[in-house]
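The values are calculated or read from the model by the stated rules, or taken from the named source; none is laboratory data. Small disclaimer: the values here were computed from a predicted structure and weren't measured. Virtual Cβ from ideal backbone geometry, glycine too; neighbours counted across all protein chains shown.
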Amino acid sequence: MREFAYQRAAQVQDALTAVAGDAGARYLGGGTNLVDLMKCGVEEPTRLVDVRQLPLDGVRDTPDGGLVIGATTTNSDVAAHPEVRRRFPALTQAVLAGASGQLRNMATVGGNLVQRTRCGYFADLSQPCNKRVPGSGCAALGGVHHNHAVLGHSEHCVATHPSDMAVALAALDAVVRYETLDGAGEIPLSRFYLPVGDRPDRETALPPGALITAVVLPGSAAGLRSRYRKVRERASYAFATVSVAAALDIRDGVVRDVRIALGGVASRPWRASSAEALLRGAQPTADRLRTCAEEALSEADPLRDNGYKVTLARNLIAATLGELSGTDQNR
Amino acid sequence: MSANPASGAVGAPRPRTEGRLKVTGAAHYAADVPMPDLAHGWMVTGTVSRGRIRDIDASAALGMPGVLGVLDHRNAPRLNPEAGNYFGPDGSLRLLQDEAIPYAGWPLALVVAETPEQASAAAAALRVTCDVEPHDLDLRLEHPAARPASTAFGPEADIGDLDAELAASAVVVEERYRTPEESHSAMEPHAATVWWDSGHVYAEDSNQGAFSVSEVLAALWSIDRERVHVRSEHVGGGFGGKGACGPQVVLASMAGRWFGRPVRIAMTRAQVFETTSSRPRTDQVVTIGADADGRLRAIHHRAAYGLSPLSEYIEACTEQAKILYSAPAIRTRLTAVPLDILPPASMRGPGATPGSFALESAIDEVAERLDLDPLELRLRNQPAVTPVSGKPFSTRRLVSCMGEGARRFGWAARDRRPRRRREGPLLVGSGMATTSFSAGVFPSKASITAETDGTFTVSIGASDIGTGARTALTAVAADALGAGTERIRIRIGDSDLGMAWGAGGSRGTTSWSFAITEAAKELRENLDDPVRPMTVTVDTSTRIDFQPATERQTYSAVFAEVTVDPATGEVRVRRLLGMFAVGRVINPLLARSQVVGGMIMGLSMALHEESVRDPRTGRLANGDFAGYHIAAHADVPDIEAGFVPDYEPQDPSGFNGLGEIGTAGTAAAIANAVWHATGTRQRTLPIRLDRVLEQTTAVASPSLR
Amino acid sequence: MTDHTRSEISLRVNEMTHRLSVDNRRTLLDALREDLGLTGPKKGCDHGQCGACTVLCDGRRVVSCLTLAVAADTTSVTTVEGLATEGELRPIQEAFLRLDGFQCGFCTPGQLCSAVGMLAEHAAGWPSAVTAVDAPDQAPELDETEVRERMSGNLCRCGAYPPIVRAVLETAAREGGAA
């Protein structure tokens, strides 16, 4: 690990100033990903600006029945918050499906959103990786990619985004709030992560130096029946193979609102909008749910060794929607 | 059962002697021992599977704060190339001796600095360039370089007319089974702290046998063994991965000598994965012929495993075929394939674990083809004497294991047809397997001192790597001396205590307890002599019968129940039960822990474990605990384990080892249960979800039908 | 703004306050082990993937290997060495000992600290991934499934999981949640 300077910011403005004045500076939240990557030599900041003391902690109501979650709120506190559990159960489930109790006690909401891929080649300095060293190539494309992307990838990068929380946030139409020295801004989660394209090192739409201050959960998604279902190679404490966050509102036998987001399949939480459209206004029959699941994966382009993810994602969507709609009484 | 002469400590459940140290954090492992003037070593490892070092540019690293120096093949002390193991010289010990890179993860240099952070940062600044040569990792039975495995552990089986028996069989199953490279993954990374003083070398090292490590270190440095002092008071697990003289202690001994101060190397987890050792991949074909009534006519077990040209190794996958079943024709062929891989080492139940996965899966397939209960098939083919050697069994309580296991598990109620049980979206199935594991004894030296205060000090170069050796040997000594355990002080984990077998091969406890029992016997004969302290030392080398007339094995029957979600491929083990015949049990509390732990490792192997390598480089693609999954709490149900009454006649106290038998049979039992749940055979480990996942359109919708 | 790569910090560890000068790169784990001689917390992976380094920071369980010592300045840390008071084992330690909730003992300090933190989390009403979502106001009942899920951040290669789960459940039942 390279030597670095450390400072704690007491106010958002201090943090922004400190990072703006030093190209090698990074914000430090819980450190669960950044410190790990520093140990691997992937991240080499020369300055850490600790933001955990900033007054950005906690969960507050919004007038529309939604919630604002401060960026330094720990994952544990988000998951345990009674209003998150009541209004957005899929978010609680997603957060609790991630990492371990210890890591959730450390990790912050802001940090969770900007965590980096767990692609093994990204962390292996002896191997090419366009995300780590732009232009160096993608070792995963022709290498071990059993757990890589099947949607939205490019020949430059096939890594997946590791967050569980972000998948639920994508389904819930969350909005990310940030601040820069030039002022505050908002980005809907649907546009927060950039398409891979030819610059997989550019991951988010945050302006340079921006500090995430909060995540807003709109009231429109509050109270929807929602679920997060995660499939992984171990019953706990493992990253997703495929996960789905789904929400469903059925009235009089007709789907009024539906949200489907997939994790583990792309460089970002993958919102299955066209599949949702098939279901909205329709009766949630088993056939319709299956068709919807097929649609969600219609653009899938699996790699040599991960075609199973397409089947898995389809099955998982169908099963989760079935559970939410009550059409699958087995669940 | 033989009568026990003394206090009855053997057979009593007793918490661990060192338990209080371990639950208070006071137990010191190799990287914990306080040490003044300590320097820290950091390994730099190769990233290609074969090649030669062209250059190592240490100029930047040497200029960094706190850096004391860099050792590589150009300046490192020369080691004796003849140093080795049981099989002869071991090339994997010859660290930093030349430019050759024999596998990905091979240590190329050691950076030594005042703090671990400085050492790590300087290691990252080292610039290594190398010439890459083509490598070969392609393990398969038909590999052109395949050669017969060493028969140092015993000859191949070849009885009866295999072709004729197969031709006469009503049913012939011939299937191929594969098991991956696996990592021992003890929770304690290999670590050593080494210093030199007046021509003596002192090491605090993480290993499974301090004495044998001292022998190898002495050979490497060409010094008297008495000048090498290896201590391993507490060891954080081994499972075979710490059986050898590890790179940590070899390199730390070089650095300690070079820099003239204590040097500690605490390997990173990544280095443990890539540099220590692994269970080799196997590729196996089992052919079994049987009559319609379920009598086996022929067993043919072929198995290939990978090894490194650096050192000989035997993964004895075909042993169970020589032990478990009676058949007129039995043939085994064990094949070694030299590859550019990390040199393998025994891993919990070596040979038997991958081997019995193949054999016991194949037996289940025979039962399926015969439409016969797999337990019944096994019962019909139990041998009266060892099938291949013809030797009588010294004790064989396998049928008792099967019977008692079946009773506890409720096996009789099982519908043997596959894919019959459903619970909601889940398929439910059960399966079983049996296995055996070689037992025995090796020479060791024990000393017992009758102290002036009426206590006894028992000294033996044993290791406690989590097996409970301290606790078990205390009980053994207490009974042998006719004293209460409170009067026994046990000293282990130190090469100065004399020659002793290590914690391995399921032979640690039997070897040590034999020496202690013999020493106690002699001491008791002299206790009338009032001189105190009075010490008796016994070396069992000349007291062991290395050619016993009977076949000595331990046995198990393992039963598993699994649920499978065919829509996601998720397999969960819901119940796991093992019955074991392991001779007389010394401490039922600790013995149970050990076989349950073994079964959990078997569960982990069945469902999770696999070292994945990029074929282009041979580098591990999952060399950490986030990628190489070992079973976590949530994967493990409550597990039932029991011991059938047993007594080993070859041992003076009736003991056998039980460190490995728990692991060996579990994977096949789980694989057979997955077949029973789904109707699909899993012949490749691990049983990953993508191998189980089904194309399904099953979205049941009763409300809308 | 400081450009120093070392910092002066204050750590309250097991009720004792220490002033330390640390390399900013030093993790809390290494500060405890190397600077304070508290080698109970173990380095099993150094990447937050095994839980052997688990300690309590201001009462919450964390992995000390991914916590920078400098970032832990002014926090109150409890390590396995601080669980017993005046030689009196905590119930959870006693249960581990009696039920044989460990073999090699290397993961044990982390399992113990994790269990203490986990029982407090449960007592505070926190849900887990296996808690039913449909009853957000109900305190989850602690059963084997809950304990296994909540303890899954602590790997044990010896396979002492079943007695560990029993020890946690026994402790919870006997002490009403206080470990």
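Is it the case that the range B:522-531 has a residue that's surrounded by 24 or more Cβ atoms within 10 Å (Cβ to Cβ), more than 26 Å from the chain's Cα centre (by Cα) and among the β-branched types (V, I, T)?
Checked against the condition, which is being surrounded by 24 or more Cβ atoms within 10 Å (Cβ to Cβ), more than 26 Å from the chain's Cα centre (by Cα) and among the β-branched types (V, I, T), the range B:522-531 yields no hits at all.
For the range B:142-179, which residues satisfy the criterion of being polar (S, T, N, Q) and under 27 Å from the mean Cα position of the chain (by Cα)?
Of everything in the range B:142-179, those that are polar (S, T, N, Q) and under 27 Å from the mean Cα position of the chain (by Cα) turn out to be B:S150, B:T151, B:T179.
Suppose the filter is at the interface with chain C (Cβ under 10 Å from one of its Cβ atoms) and either surrounded by fewer than 21 Cβ atoms within 10 Å (Cβ to Cβ) or touching a residue at least 40 places away in the same chain (Cβ under 8 Å) (or both); does A:E44 pass it?
Values: at the interface with chain C (Cβ under 10 Å from one of its Cβ atoms): no; either surrounded by fewer than 21 Cβ atoms within 10 Å (Cβ to Cβ) or touching a residue at least 40 places away in the same chain (Cβ under 8 Å) (or both): yes.
Spelling it out, it is not the case that A:E44 is at the interface with chain C (Cβ under 10 Å from one of its Cβ atoms) and either surrounded by fewer than 21 Cβ atoms within 10 Å (Cβ to Cβ) or touching a residue at least 40 places away in the same chain (Cβ under 8 Å) (or both).
Checking B:A560 against (1) more than 30 Å from B:I630 (Cα to Cα); (2) under 24 Å from the mean Cα position of the chain (by Cα): exactly one of these is not met. Which one?
Failing condition for B:A560: (1).
Can you report the number of residues in the range B:552-569 which are charged (D, E, K, R) and either in contact with a Ser or Thr (Cβ under 7 Å, 6 or more places away or on another chain) or over 16 Å from B:R421 (Cα atoms) (or both)?
So the count comes out to 2.
Surrounded by fewer than 24 Cβ atoms within 10 Å (Cβ to Cβ), in contact with a Leu (Cβ under 6 Å, 6 or more places away or on another chain) and in a loop (DSSP other than H, G, I, E, B), is that true of B:G627?
In short, no.
Go through the range A:86-104 and give me each residue that's within 7 Å of chain C (Cβ to nearest Cβ) and either closer than 20 Å to C:L119 by Cα or crowded, with 24+ Cβ neighbours inside 10 Å (or both).
Matches in the range A:86-104: A:T92, A:Q93, A:L96, A:A97, A:S100, A:G101, A:Q102, A:L103.
Confirm whether B:L79 is crowded, with 17+ Cβ neighbours inside 10 Å, away from chain C (no Cβ under 14 Å) and outside any loop (DSSP other than H, G, I, E, B).
In short, no.
All but one of (1) more than 30 Å from B:V44 (Cβ to Cβ); (2) surrounded by fewer than 16 Cβ atoms within 10 Å (Cβ to Cβ); (3) among the small types (G, A, S) hold for B:G88, so report the exception by its number.
Result: B:G88 passes all but (1).
From the set of residues in the range A:114-127 that are away from every other protein chain (no Cβ under 11 Å) and either in a loop (DSSP other than H, G, I, E, B) or in contact with a Phe, Trp or Tyr (Cβ under 7 Å, 6 or more places away or on another chain) (or both), which is surrounded by the most Cβ atoms within 10 Å (Cβ to Cβ)? Before the answer, list the steps.
As a first pass, look at the range A:114-127 and keep what is away from every other protein chain (no Cβ under 11 Å): A:114-117, A:122.
Okay, now just the ones that are also either in a loop (DSSP other than H, G, I, E, B) or in contact with a Phe, Trp or Tyr (Cβ under 7 Å, 6 or more places away or on another chain) (or both), so A:114-117.
Working: A:V114: 20, A:Q115: 21, A:R116: 19, A:T117: 24.
Among those residues, the one meeting the criterion is A:T117.
Mind checking whether some residue in the range A:310-330 is crowded, with 21+ Cβ neighbours inside 10 Å, over 30 Å from A:P55 (Cα atoms) and within 14 Å of chain C (Cβ to nearest Cβ)?
yes
Only one residue in A:S243, A:S236, A:S267 is in contact with a Phe, Trp or Tyr (Cβ under 8 Å, 6 or more places away or on another chain), on the phi < 0 side of the Ramachandran plot and within 14 Å of chain C (Cβ to nearest Cβ). Which one? Before the answer, list the steps.
Details: A:S236 fails: in contact with a Phe, Trp or Tyr (Cβ under 8 Å, 6 or more places away or on another chain); A:S267 fails: within 14 Å of chain C (Cβ to nearest Cβ).
Just a single option satisfies the conditions, and that option is A:S243.
Which residue out of A:G65, A:G30 is assigned to a loop (DSSP other than H, G, I, E, B), of a type in the set (G, A, S) and surrounded by fewer than 22 Cβ atoms within 10 Å (Cβ to Cβ)? Talk me through it step by step, then tell me what you get.
Numbers: A:G30 fails: surrounded by fewer than 22 Cβ atoms within 10 Å (Cβ to Cβ).
A:G65 is the lone residue from the list that is assigned to a loop (DSSP other than H, G, I, E, B), of a type in the set (G, A, S) and surrounded by fewer than 22 Cβ atoms within 10 Å (Cβ to Cβ).
Within the range A:284-294, does at least one residue satisfy the condition of being under 22 Å from B:Q695 (Cα atoms), among the charged types (D, E, K, R) and part of a loop (DSSP other than H, G, I, E, B)?
Checked the range A:284-294: no residue is under 22 Å from B:Q695 (Cα atoms), among the charged types (D, E, K, R) and part of a loop (DSSP other than H, G, I, E, B).
Of everything in the range B:395-417, what is surrounded by fewer than 20 Cβ atoms within 10 Å (Cβ to Cβ) and either among the small types (G, A, S) or in contact with a Phe, Trp or Tyr (Cβ under 6 Å, 6 or more places away or on another chain) (or both)? Give them in sequence order.
Across the range B:395-417, the qualifying residues are B:S400, B:G403, B:G410, B:A412, B:A413.
When you go through (1) surrounded by 17 or more Cβ atoms within 10 Å (Cβ to Cβ); (2) in contact (Cβ under 8 Å) with a residue 24 or more places away in the chain one by one for C:V133, which number turns out not to apply?
C:V133 satisfies every listed condition except (2).
Residues B:G256, B:G237: which one is closer than 27 Å to C:G48 by Cβ and outside any strand (DSSP E or B)?
Sole residue among the options that is closer than 27 Å to C:G48 by Cβ and outside any strand (DSSP E or B): B:G237.
Let me confirm something: among B:E204, B:E188, B:E175, B:E165, which residue is assigned to a helix (DSSP H, G or I) and either among the basic types (K, R) or surrounded by 15 or more Cβ atoms within 10 Å (Cβ to Cβ) (or both)? Walk me through it before giving the result.
Details: B:E204 fails: assigned to a helix (DSSP H, G or I); B:E188 fails: assigned to a helix (DSSP H, G or I); B:E175 fails: assigned to a helix (DSSP H, G or I).
One residue alone meets the criteria, B:E165.
Consider the range B:226-244. How many of its residues are touching a residue at least 60 places away in the same chain (Cβ under 8 Å) and away from chain C (no Cβ under 14 Å)?
Of the residues in that region, 6 qualify.
Pick from C:A123, C:A95: which is more than 8 Å from chain A (Cβ to nearest Cβ), surrounded by fewer than 24 Cβ atoms within 10 Å (Cβ to Cβ) and among the aliphatic types (A, V, I, L, M)? Spell out the reasoning first.
On the way: C:A95 fails: surrounded by fewer than 24 Cβ atoms within 10 Å (Cβ to Cβ).
So the residue among C:A123, C:A95 that is more than 8 Å from chain A (Cβ to nearest Cβ), surrounded by fewer than 24 Cβ atoms within 10 Å (Cβ to Cβ) and among the aliphatic types (A, V, I, L, M) is C:A123.
Failed condition for B:G199, given (1) modelled with pLDDT of 95 or more; (2) on the phi < 0 side of the Ramachandran plot; (3) surrounded by fewer than 20 Cβ atoms within 10 Å (Cβ to Cβ), with all others met?
(2)
Quick check: is even one residue across the range C:141-149 out of contact with any strand residue (DSSP E or B) (no Cβ under 8 Å at 6 or more places or on another chain), over 22 Å from B:T268 (Cβ atoms) and within 8 Å of chain A (Cβ to nearest Cβ)?
Yes, the range C:141-149 contains a residue that is out of contact with any strand residue (DSSP E or B) (no Cβ under 8 Å at 6 or more places or on another chain), over 22 Å from B:T268 (Cβ atoms) and within 8 Å of chain A (Cβ to nearest Cβ).
For the range B:23-40, check the following and say yes or no: at least one residue is at pLDDT 95 or above, farther than 30 Å from B:I341 by Cα, surrounded by fewer than 22 Cβ atoms within 10 Å (Cβ to Cβ) and hydroxyl-bearing (S, T, Y).
Checked against the condition, which is being at pLDDT 95 or above, farther than 30 Å from B:I341 by Cα, surrounded by fewer than 22 Cβ atoms within 10 Å (Cβ to Cβ) and hydroxyl-bearing (S, T, Y), the range B:23-40 yields no hits at all.
Is it the case that A:H145 is assigned to a loop (DSSP other than H, G, I, E, B), crowded, with 22+ Cβ neighbours inside 10 Å and out of contact with any Ser or Thr (no Cβ under 8 Å at 6 or more places or on another chain)?
Details: assigned to a loop (DSSP other than H, G, I, E, B): yes; crowded, with 22+ Cβ neighbours inside 10 Å: yes; out of contact with any Ser or Thr (no Cβ under 8 Å at 6 or more places or on another chain): yes.
It is true that A:H145 is assigned to a loop (DSSP other than H, G, I, E, B), crowded, with 22+ Cβ neighbours inside 10 Å and out of contact with any Ser or Thr (no Cβ under 8 Å at 6 or more places or on another chain).
If I ask for residues that are acidic (D, E) and either in contact with a Cys (Cβ under 8 Å, 6 or more places away or on another chain) or closer than 18 Å to A:S126 by Cα (or both), which ones from the range B:27-72 would you list? Talk me through it step by step, then tell me what you get.
Going residue by residue through the range B:27-72, those that are acidic (D, E) are B:32, B:37, B:55, B:57, B:72.
The answer is B:D55, B:D57.
From A:A282, A:A293, grab the single residue that is facing chain B (nearest Cβ under 9 Å), of a type outside the set (S, T, Y) and free of Cβ contacts under 8 Å to residues at least 40 places away in the same chain.
Numbers: A:A282 fails: facing chain B (nearest Cβ under 9 Å).
From the options A:A282, A:A293, the qualifying one is A:A293.
Any idea which residue in the range B:581-601 is farthest from the other protein chains (Cβ to nearest Cβ), counting only those that are over 20 Å from the mean Cα position of the chain (by Cα) and in a helix (DSSP H, G or I)?
Residue satisfying both the conditions and the ranking: B:P588.
Test A:A9 against the stated conditions and say whether it is without any contact (Cβ under 8 Å) to a residue 24 or more places away in the chain, among the aliphatic types (A, V, I, L, M) and more than 9 Å from chain C (Cβ to nearest Cβ).
no
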